Amino acid sequence: MAICGPPRQCGGPAVRVLVLAAAWALGGGQVRYSVPEEAKAGTVVGRLAQDLGLEAGEAEARRLRLVAQGRRASVEVSGASGALVVSSRLDREELCGKSAPCALRLEVLVERPLRVFHVELEVTDINDNAPLFPAARKNLTLPENSPPGSRFPLEGASDADIGANAQLSYTLSPSEHFSLDLQKSNDRNIIPDLVLTKALDRETVPVHRLVVTASDGGRPSLTGTMELVVSVLDANDNAPQFNQSVYKVQLPESAAEGTLVARVNATDADLGINSEVTYTATNFIPLSGRDVIAVNAKTGEIRLTGALDYEEVSVFDFRIEARDRGSPPLSGHCSVELEVLDVNDNAPEVWVTSLSVPVAEDAPVGTVVALLSVSDRDSGANGRVRCAVWPAAPFGLVATFAGSYSLVLREALDRERVSEYEVEVRAEDGGAPPLRARRGVRVPVSDVNDNAPAFAQAVYTVLARENNAAGAELARLWARDPDEAGNGRVSYSVWEGGGGGAAAGGGWRAASSYVSVDAESGRLWALQPLDYEEVQVLQFEVRAVDAGEPPLCGNATVQLFVVDENDNAPALLPAVVAKIRAVDADSGYNAWLRYELWEPRGKGPFRVGLYSGEVSTARALEEADGPRQRLVIVVRDHGEPARSATATLSVSLVEGAEAALAAGGPAAAAAAAATTNVWLVVAICAVSSLFLLAVVLYGASRWAPRAAVLSGPGPATLVCASEVGSWSYSQRQSRSLCFSEKYLFFLPVPCPCCEVAFLAADVACCALKRVDNLSIFALAASSLHIP
């Protein structure tokens with residue numbers, strides 16, 4: 001996911017960069033300055049910022065600076081003016097030795113945008129070194145018979161300067177016997193020879209003291225002196241002579257110590273001791289040759305006594321003196337020129353001069369990550385270096401200048417896939433065999449908020465038991481954001497915009513009124529106890545938002561199912577004749593009801609359907625069952641633990657006519673109520689008469705044998721009131737019975753009236769058996785509001 005901000009205003013700097021790049025291309029891509037050695041600190045070398053095309057003030061704003069390479073630079077960039085100034089002592093001889101010209105390569109770095117420029121600084125020589133002889137005093141012995149014109153080579157002076165400042169001339173103090181003759185031993189050196197101009201006379205002047213003065217070509221000229229002490233001896237008049245005047249030798253710099261450089265040979269025409277020659281190496285240029293070259297005094301073999309290094313000295317010039325053993329001894333001289341050949345003994349060197357890390361994962365292709373400098377001290381093919389980067393992706397090398405490279409981005413980065421790269425820059429020279437060097441560059445990738453939080457699943461199904469405690473944990477949600485730090489720090493919230501909620505109590509309530517989610521942990525918890533009877537399913541969305549800028553978000557849907565608990569007892573509905581109905585507010589197994597007849601126990605005349613609640617007769621009713629039955633029915637659910645409710649039914653047994661009257665409904669009962677009053681008066685009179693008759697019959701039966709049982713034709717009628725015991729009481733309390741959990745039924749049954757107690761005596765039942773059954777049932781039904 002990429003989010004782009006408003007475009008930046010970059011017209012001015014971009015134009016200046018383009019103009020600078022064009023000027024740079026036209027100028028060959030390099031700025032050159034020169035500065036004399038020994039310049040004072042603070043000396044302005046050049047207006048670097050101006051020469052690079054930077055405007056006033058840009059040098060400091062864009063951090064114009066030098067990039068150090070290996071040794072410490074003696075120049076620096078002035079931050080305010082952008083000028084290149086001398087920061088410490090410049091010694092050309094220390095920097096470059098005898099090499100000319102002495103050019104220092106500098107890399108200049110400019111930021112915003114990152115650019116690198118190359119500056120060549122030539123350190124020019126000044127005459128700050130006087131000529132120096134190998135020794136302040138030299139002793140010579142000359143036979144007195146030396147002919148005029150005899151030449152005696154002298155050790156020349158050396159000058160650390162170059163050019164005209166190192167061009168030496170020699171003068172000799174005034175002498176009638178000697179003069180100096182300057183000889184060029186090669187294109188680089190001038191050797192003074194002492195020439196005998198007049199025959200010597202030891203008896204007249206046995207010792208000649210001369211001063212040789214060497215002057216360089218600087219202005220003003222500097223001089224060095226050497227004292228010559230010439231002792232005139234008598235005797236030996238033939239000097240040794242070499243078979244060649246110059247020996248040229250080439251050796252690889254890898255030559256081992258003890259390697260034979262050359263074998264020189266000098267002969268002397270004299271005989272005896274005056275012809276015995278000894279060899280001595282002298283006049284080394286540079287003087288370091290004394291440490292690596294030696295000659296055998298007897299054989300004339302020249303051998304290496306130390307290691308050669310082409311990168312330090314490429315040519316050694318020295319002289320071999322052959323001296324005989326005459327008295328005085330005579331000597332001859334030859335020159336030896338040893339050229340050191342380069343060997344691929346220096347591996348390439350790689351420096352990281354600038355490193356811009358970490359690299360943002362949305363950095364464009366072509367972004368410069370680092371600046372590298374590569375060099376090899378060898379020469380020719382041995383010093384030509386090839387560079388490559390490994391692995392080949394996502395970075396590459398771009399050559400910017402001889403020995404300079406830029407490490408640039410070649411492919412798009414993804415921190416979530418690779419958060420850090422170990423890049424290796426490999427350099428290989430052109431020697432045989434080639435030498436290699438490696439430089440590791442660690443490139444961390446910085447994070448960009450390009451990943452939105454993602455939940456493990458789009459829909460979470462959560463089961464929660466009802467009546468859970470407020471604050472109870474329901475579930476844990478987790479969204480993954482592969483970004484790091486704030487870009488990957490996720491916070492959670494219930495999203496009201498997702499439309500989640502539930503209908504409660506006839507109105508709509510938001511999901512946030514039921515649940516909440518912890519912003520840090522994603523823990524989903526209940527704000528209040530859940531009630532299955534109020535809400536069964538709660539669907540809402542949870543939003544995960546990271547802390548990036550701008551923030552990214554992801555959503556997940558949560559379906560919360562409330563699991564029913566058996567927390568509601570069955571509740572009875574209004575009665576239905578011959579059927580018990582009950583409801584349970586729970587659901588499923590918790591609301592599955594069963595009906596049981598609790599009383600009477602045993603083989604009663606009634607039974608209850610286990611699941612239907614229907615009350616029906618289990619067998620034919622008998623007079624022994626009594627005029628009324630009290631049924632206690634228990635309704636149980638299947639919850640754990642099970643809950644129950646109890647219903648009490650009062651069942652009265654009536655004749656078939658009364659049952660038909662009950663079926664007629666309230667209208668028939670109201671019509672029969674008026675007739676009932678008449679029959680009551682008749683019944684009272686009949687009861688009184690029958691009571692007297694009963695007493696008479698009882699007394700007669702005591703003394704008379706029982707022949708038959710008193711009975712009468714026609715069906716007997718049983719009128720049963722409520723459980724309180726009398727019909728009249730039931731009539732008065734009928735209103736309260738309608739609202740209790742009891743049911744009153746009238747069933748047609750054949751029962752003997754003598755076994756039913758009504759009002760004060762059992763015989764009342766027989767007296768009332770002739771009462772209109774329809775009127776009695778109608779009155780009972782009217783007072784009890786039975787539908």
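The values are calculated or read from the model by the stated rules, or taken from the named source; none is laboratory data. Worth saying up front: this structure is predicted, and the values here are computed from it rather than measured. Note: ideal-geometry Cβ built from the backbone for every residue, glycine included; neighbour counts use all protein chains shown.
Taken together, the residues in the range 553-581 that are at pLDDT 90 or above and either touching a Pro at 6+ places or on another chain (Cβ under 6 Å) or hydrophobic (A, V, I, L, M, F, W, C) (or both) amount to 8. Whether a residue is farther than 27 Å from ALA585 by Cα, modelled with pLDDT of 90 or more and in a strand (DSSP E or B) was assessed, and VAL542 passes this test.
Which residues, taken from the range 440-454, are in a strand (DSSP E or B) and surrounded by 19 or more Cβ atoms within 10 Å (Cβ to Cβ)?
Of everything in the range 440-454, those that are in a strand (DSSP E or B) and surrounded by 19 or more Cβ atoms within 10 Å (Cβ to Cβ) turn out to be VAL441, VAL443, VAL445.
Has the range 171-191 got at least one residue that is within 30 Å of VAL374 (Cβ to Cβ) and crowded, with 18+ Cβ neighbours inside 10 Å? Among the residues of the range 171-191, not one is within 30 Å of VAL374 (Cβ to Cβ) and crowded, with 18+ Cβ neighbours inside 10 Å, which makes the answer no. When we screen ALA73, ALA83, ALA56 for residues that are more than 21 Å from PHE401 (Cα to Cα), modelled with pLDDT under 80 and out of contact with any Cys (no Cβ under 9 Å at 6 or more places or on another chain), the only hit is ALA56.
Residues considered: VAL545, VAL615, VAL563, VAL608. Of these, the only one that is surrounded by 16 or more Cβ atoms within 10 Å (Cβ to Cβ), hydrophobic (A, V, I, L, M, F, W, C) and closer than 30 Å to SER512 by Cβ is VAL545.
Checked against (1) over 60 Å from the mean Cα position of the chain (by Cα); (2) at pLDDT 85 or above; (3) not basic (Lys, Arg), ASP584 passes all but condition (1).
Residues in the range 91-141 that are polar (S, T, N, Q) and not in a loop (DSSP other than H, G, I, E, B) were compared, and the one that is surrounded by the fewest Cβ atoms within 10 Å (Cβ to Cβ) is ASN139.
Looking at this structure, is SER356 outside the structural domain of LEU154 (by TED's automatic domain parsing), closer than 16 Å to LEU409 by Cα and among the hydroxyl-bearing types (Ser, Thr, Tyr)? The answer is yes for SER356. If you go through the range 373-396 one residue at a time, do you hit one that is outside the structural domain of LEU66 (by TED's automatic domain parsing), part of a helix (DSSP H, G or I) and touching a Lys or Arg at 6+ places or on another chain (Cβ under 8 Å)? Yes, because at least one residue in the range 373-396 is outside the structural domain of LEU66 (by TED's automatic domain parsing), part of a helix (DSSP H, G or I) and touching a Lys or Arg at 6+ places or on another chain (Cβ under 8 Å).
Does ARG290 satisfy the condition of being free of Cβ contacts under 8 Å to residues at least 12 places away in the same chain and closer than 24 Å to LEU154 by Cβ?
Values: free of Cβ contacts under 8 Å to residues at least 12 places away in the same chain: yes; closer than 24 Å to LEU154 by Cβ: yes.
The answer is yes for ARG290.
You will find that of ASP376, ASP342, the residue that is in contact (Cβ under 8 Å) with a residue 40 or more places away in the chain and out of contact with any strand residue (DSSP E or B) (no Cβ under 6 Å at 6 or more places or on another chain) is ASP342 and no other. If you filter the range 241-285 down to residues that are in a loop (DSSP other than H, G, I, E, B) and charged (D, E, K, R), you find that the one that is surrounded by the most Cβ atoms within 10 Å (Cβ to Cβ) is ASP268. Going through the range 186-217 one residue at a time, which ones are in contact with a Gly (Cβ under 7 Å, 6 or more places away or on another chain), in a strand (DSSP E or B) and farther than 18 Å from SER231 by Cβ? The answer is ILE190, ILE191, PRO192, ALA214. Here GLY626 meets each of (1) within 27 Å of ASN467 (Cβ to Cβ); (2) surrounded by 16 or more Cβ atoms within 10 Å (Cβ to Cβ) with one exception, condition (1).
Looking across the range 192-224 at every residue that is among the charged types (D, E, K, R) and under 30 Å from ILE126 (Cβ atoms), the one that is surrounded by the fewest Cβ atoms within 10 Å (Cβ to Cβ) is identified as ARG219.
The set of residues from the range 315-340 being crowded, with 16+ Cβ neighbours inside 10 Å, out of contact with any helix residue (DSSP H, G or I) (no Cβ under 7 Å at 6 or more places or on another chain) and outside any strand (DSSP E or B) comprises PRO328, PRO329, LEU330. Somewhere in the range 644-654, is a residue farther than 16 Å from LYS579 by Cβ, in contact with a helix residue (DSSP H, G or I) (Cβ under 9 Å, 6 or more places away or on another chain) and assigned to a loop (DSSP other than H, G, I, E, B)? Checked against the condition, which is being farther than 16 Å from LYS579 by Cβ, in contact with a helix residue (DSSP H, G or I) (Cβ under 9 Å, 6 or more places away or on another chain) and assigned to a loop (DSSP other than H, G, I, E, B), the range 644-654 yields no hits at all. When only residues in the range 473-501 that are crowded, with 20+ Cβ neighbours inside 10 Å and modelled with pLDDT under 90 count, which is farthest from the chain's Cα centre (by Cα)? Here the answer is GLY500.
Across the range 172-180, not a single residue is classified as under 30 Å from VAL315 (Cα atoms) and in contact (Cβ under 8 Å) with a residue 60 or more places away in the chain.
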